[in-house]
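Here, each number is a calculation from the coordinates, and none is a lab measurement. Only a predicted model underlies this, so the values are computations on that prediction, with no experimental measurement involved. Here the Cβ is made from the backbone with ideal geometry for all residues, glycine too, and neighbour counts use every protein chain on show.
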């Protein structure tokens, strides 16, 4: 059993009181023996006076010991228990806060990062890559004809499609890429240290992987395609401008027939 620091200090105090009490009793005993050996009346009175002092000291030590054990220690113990509960409560609240923060930055359906996380991460990436003067690529993907999937097969199958695309993106991207679901059927990938040509090849691999993904609905096999808009940061524009430029390319991909990459 581990004792709190205040409890340990209390036990040390009790030990000191007990030791002092034992020494007082011993001194009283020795003084009584001397009293029996005393012959001169004046000395006898002094011994009697010292005996009374030692007896009074013993009574005070016994009283301190009694109050310490039966009154002071229970209060210390109660405070220690309350402090332990407060610490446990604080730890629990801290863990819940971290969980809530994680939930606030995560898409509940797919387990990916959400739009809030994406916006913050994009700004941080641009600030860092401005400092080291390296390119940043941005990819915005939108699933083609996703509304028809929901209308024909139901939202449960639509959710399966979203989860399948999320897994595909997770498998195809690098550990330092930011992959997020922006909302609905729209996803985004921040691909640091990629120039235009590399980003286009990367996006084509992802587009083909999504097109090769199959989601089953009973006896029906659903094929998925995605349109992709790309942009490479010009190292001057703000995150919002950068995003709008990639989003504009996504719009062009949709206009040109879908299931394609526009940069």
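Taking the number of Cβ atoms within 10 Å of each Cβ as an exposure proxy, the fewest-first ranking of 186, 120, 240 is 240, 120, 186.
Using every pair of distinct Cα positions in the range 115-262, the Kirkwood expression returns a hydrodynamic radius of 15.6 angstrom. Shown is the FRET efficiency for residue 109 and residue 77, computed with R0 = 41 Å from the Cβ-Cβ distance and rounded to the nearest 0.05: 0.25. Over every Cα atom in the range 179-263, the radius of gyration and the widest Cα-Cα span, Dmax, amount to 14.1, 51 Å.
Label separation (residue 124 vs residue 174): 1.8 nm, computed from points 7 Å beyond Cα along the C-beta direction. With both labels modelled 7 Å from their Cα along Cα-to-Cβ, the residue 254 to residue 131 distance reads 3.7 nm.
Ordered by the count of other Cβ atoms within 10 Å of each Cβ, fewest first, 217, 227 give 217, 227. Summarising the label geometry, the points placed 7 Å from Cα in the beta-carbon direction at residue 223 and residue 116 lie 3.9 nm from one another. In a fully extended conformation the segment linking residue 19 and residue 214 would gain 61.9 nm over its present Cα-Cα distance, using 0.36 nm per residue.
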